[in-house]
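Asks: One structure is given below, represented as structure tokens, and several questions about it will come after.
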Amino acid sequence: MWVKLSTRGEYGLRAMFDLAQRYGEGPIPLKSIAERQDISEHYLEQLIAILRKAGLVKSVRGAQGGYTLSQEPHEITVGDIIRVLEGPIAPVECLNDDGSENCKHEDTCVTKDIWEKVRDSISDVLDSFTLGDMLERSNKMKQKNKNYMYYI
């Protein structure tokens, strides 16, 4: 089985990480995020609109406008972002949180427990990482790369 995120989740997480890297600097123009993350500005506008509607980012209008995180990076989990952009985390339709019709085999389904554990495991991992954790990891990676000596 291959659980794969769409570009919505992937690009949205990258954009949110970009905002986390600049948290506290004021509004960040969408164009600069798009350029740094190599994402179409038009597509990023759509993603940011979804994230704004969900309350994960705030927009500031005007010449110095742009976007900021609505909370500190340590308060926003990867799971928060993925659920907003991708929908429920469920490997099979019958486990969706959106009120999908129950499966007619629910009472006798021997695989439901397995799929619930898969869903719960994925959710646990996504919810265990925040944008702040990603920042810390990024800083450690940058520091580690500074310590290498290159010889020719």
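We did not get these values from a lab; they are worked out from the coordinates using the rules stated. Since the model is a prediction, treat every value here as computed from it, not as a measurement. With ideal geometry, Cβ positions are generated from the backbone for all residues, glycine too; neighbour counts draw on all protein chains shown.
Asks: Given contacts defined as C-alpha pairs under 8 Å and at least six residues apart, what's the relative contact order of the chain, whole-number percent?
Replies: Details: 163 pairs, mean separation 38.5, N = 152.
This gives 25 percent for the chain.
Asks: For segment 7-146, what is Rg from Cα atoms divided by 2.2 N^0.38 Å, rounded to two decimals? Intermediate results must be reported in sequence, preceding the final value.
Replies: Numbers: Rg = 17.8 Å, N = 140, 2.2 N^0.38 = 14.4 Å.
So the Cα radius of gyration is 1.24 times the expected 2.2 N^0.38 Å.
Asks: List, in the order given, every pair from 4/117; 53/140; 4/112; 4/53; 31/53 whose Cα-Cα distance in the structure shown is over 26 Å.
Replies: Values: 4/117 17 Å; 53/140 33 Å; 4/112 20 Å; 4/53 24 Å; 31/53 20 Å.
Over 26 Å apart, Cα to Cα: 53/140.
Asks: Could I ask something else about it? Apply the Karplus curve 6.51 cos²θ - 1.76 cosθ + 1.60, θ = phi - 60°, to the phi angles in segment 103-113 and return the couplings in whole Hz, x for Gly and Pro.
Replies: Per residue, the Karplus-derived 3J(HN,Hα) values read 6, 5, 9, 3, 5, 10, 6, 8, 9, 4, 4 Hz.
Asks: In segment 7-146, with Lys and Arg counted as +1 and Asp and Glu as -1 at Cβ, which of these residues, 91, 78, 125, has the Cα nearest the positive end of the dipole, that is, farthest along it?
Replies: 78
Asks: Work out the length of the dipole vector of segment 1-150 about its Cα centre, built from +1 on the beta-carbon of each Lys and Arg and -1 on the beta-carbon of each Asp and Glu, and round it to the nearest 20 debye. Don't skip to the end; give the middle numbers.
Replies: Numbers: 20 positive and 24 negative charges, 173 e Å.
The calculated dipole for segment 1-150 is roughly 840 debye.
Asks: Give the order of 92, 84, 60, 110 when sorted by the count of other beta carbons within 10 angstrom, beginning with the fewest.
Replies: Numbers: 92 16, 84 19, 60 13, 110 7.
In order of increasing Cβ crowding within 10 Å: 110, 60, 92, 84.
Asks: Hey, another quick one. As a check on your grasp of the helix formula, calculate [θ] at 222 nm for the chain: sum -39500 (n - 2.57) over DSSP H runs of n ≥ 4, divide by the residue count, round to the nearest 500. Walk me through the numbers before you get to the answer.
Replies: Values: 6 runs with 78 residues, N = 152.
The helix-only estimate for the chain comes to -16500 deg cm²/dmol at 222 nm.
Asks: Using each residue's phi in segment 19-34, evaluate 6.51 cos²θ - 1.76 cosθ + 1.60 at θ = phi - 60° and report the 3J(HN,Hα) Karplus result to the nearest Hz, with x for Gly and Pro.
Replies: Coupling constants for segment 19-34: 5, 5, 5, 10, 4, x, 8, x, x, 10, x, 4, 4, 6, 5, 4 Hz.
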